[in-house]
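Take a look at the structure below.
The values are calculated or read from the model by the stated rules, or taken from the named source; none is laboratory data. Remember, predicted model here, so these are calculated numbers, not experimental data. Quick reminder, even Gly has a Cβ in these numbers, built from the backbone with ideal geometry, and neighbours come from all protein chains shown.
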Amino acid sequence: MRFLAAAIVLLVLAQSLPAEAGKCPKVCSCDGAKLTVACVGKNLTMVPPTIEEITLKLDLKNNNLQVLLRGAFVLTPYLTHLNLQRCNIIRVKEGAFRTLGRLVSLNLAFNQIDILYQESFDGLSSLKELHLDHNRIEEIQPGAFTQLGFLNLLALTHNQLVYIPNMAFQGLLNIKWLRLSHNSLNNLAPEAFAGLFTLSRLSLDNNELQFFPTQTMTRLGEVKRLDMSHNPMTYLGEESVSMAKLTHLYLNHMSLQDLSDQALSHVPLLSHLDLSHNQLRNLEPLSGPKKLGSLNLTGNPIYCNCYMRPLKQWARAGGVKLLGACAGPPHLSDEPLQTVAPLNLRCRSRAERLTDEFEEESDSTSSPPTAKPKQNSKCPANCDCDIESQHATCEGQGHTKVPRGFPAKTQLLDLRSNHFHYLPANSFPGSSQVVSLHLDLCKIHEIESGAFRG
């Protein structure tokens, strides 16, 4: 309301000012009725000093300002919207915006800013939107946002952030959406998002996160939408996601090989889960989400055998729509997951597998010496090897040494909850195809050089 009242007062003032006071800078176009000034693409190196004091909206995009000096906008204190896109801005000095207490929207996208300093945004006490997309930001200094208590949207996409330190966003008391997409983030401090009590949407897609930042995310109690897509994660373990109000989770276009059935056990309100375009061959029923309406598995190499039957039964019982199609076996290829009948989700009997193995051995002996040998189907004692899904597990079997003799094509190897203590060199011979290895809770205290060779 106060902005509306101020605008009305300014309009009255504008109409009562003498004609000579309304002079517009030569390189700009001005609208006295709307109190707007546009100086677009004029190669300006500084803010024109003759812009009317009562201007509300100022568009300076496509210029060459480079450095915003202290008090750069002291002559236009009533601005509510300021566009500084593509102005080759390298640095925003302390106090550059200090007189803009009425500004609600600031666009600094497509510039050359590399560091956000402590006092860069001092004075923007009414700001609601800040766009810093497509810069070169690689560092956020403590206190950079402490003056932005009314900010709703902060966009930092397409920058060069690698790490978010503790308390990086301190002061954003009314933030609703934080966009950190398209950076190079590979690490988030435990308190990186501390104090964001009103945040409801977080975008972290297209970064370099290899593990779900559980400790960091747990502090975001109000987030409803979380986008983690296009990050190189291979596995989501037990209780990875613990976010009480999360409803939409995007984990698509990653490298997920496996997902624990307990990974989402603390996300009770989840309604939409996108796991499309990963490397999942099968999936266990998910514990935790009670309101899940859709599960997107499009683009995964889902193998529709008996191991998928529990997921189908779980989805039917909970009214979960399964999106995606079977990648195999051949007779079910491209069959929609939603319509494939549970009775068709079968596994070969032991007799059938032995027959196939005998035929493979026969083919191997009759093939030329240079032919590639067929896959060995043996499995170490107290382990379970699924040739079709290329998964092997020895979870919780009390092994004190890493078992040997897994099928050569094994891609996911689960050895968690054993008692290895020590991993010697060459602990995994014949495991060159493994892309996801799980050794959590194995009480390992020493790893010899070359333990993971091959």
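Residues of segment 65-97 that are farther than 24 Å from residue 34 by Cβ and buried (at least 19 other Cβ atoms within 10 Å of the Cβ): 68, 89, 92, 96.
Quick check on residue 252: is it assigned by TED's automatic domain parsing to the domain that holds residue 150 and either without any contact (Cβ under 8 Å) to a residue 60 or more places away in the chain or of a type in the set (S, T, N, Q) (or both)? When the stated conditions are applied, residue 252 does not pass them. Every condition in (1) surrounded by 17 or more Cβ atoms within 10 Å (Cβ to Cβ); (2) in a loop (DSSP other than H, G, I, E, B) is met by residue 58 except one, and the failing one is (2). Checked against (1) under 15 Å from residue 274 (Cβ atoms); (2) surrounded by fewer than 16 Cβ atoms within 10 Å (Cβ to Cβ), residue 221 passes all but condition (1). Quick one: would you say residue 123 is farther than 18 Å from residue 160 by Cβ, surrounded by fewer than 16 Cβ atoms within 10 Å (Cβ to Cβ), free of Cβ contacts under 8 Å to residues at least 40 places away in the same chain and in the same structural domain as residue 185 (by TED's automatic domain parsing)? When the stated conditions are applied, residue 123 does not pass them. When you scan segment 251-268, do you find a residue that is assigned to a loop (DSSP other than H, G, I, E, B), over 18 Å from the mean Cα position of the chain (by Cα) and closer than 30 Å to residue 174 by Cα, even just one? Within segment 251-268 (the criterion being assigned to a loop (DSSP other than H, G, I, E, B), over 18 Å from the mean Cα position of the chain (by Cα) and closer than 30 Å to residue 174 by Cα), the answer is yes, since at least one residue qualifies.
If you go through segment 67-120 and pick out every residue that is acidic (Asp, Glu) and either outside the structural domain of residue 170 (by TED's automatic domain parsing) or at pLDDT below 95 (or both), you end up with 2. In the set 197, 211, 193, only one residue is crowded, with 19+ Cβ neighbours inside 10 Å, in a loop (DSSP other than H, G, I, E, B) and out of contact with any strand residue (DSSP E or B) (no Cβ under 6 Å at 6 or more places or on another chain); that residue is 193.
Any residue in segment 289-296 that is buried (at least 16 other Cβ atoms within 10 Å of the Cβ) and of a type in the set (D, E, K, R)? No, the conditions are met nowhere in segment 289-296. Residues that are within 21 Å of residue 94 (Cβ to Cβ) and crowded, with 17+ Cβ neighbours inside 10 Å within segment 147-158 comprise 147, 148, 151, 154, 156, listed in sequence order. For residue 180, the conditions (1) surrounded by fewer than 21 Cβ atoms within 10 Å (Cβ to Cβ); (2) closer than 20 Å to residue 249 by Cβ; (3) aliphatic (A, V, I, L, M) are fulfilled apart from (1).
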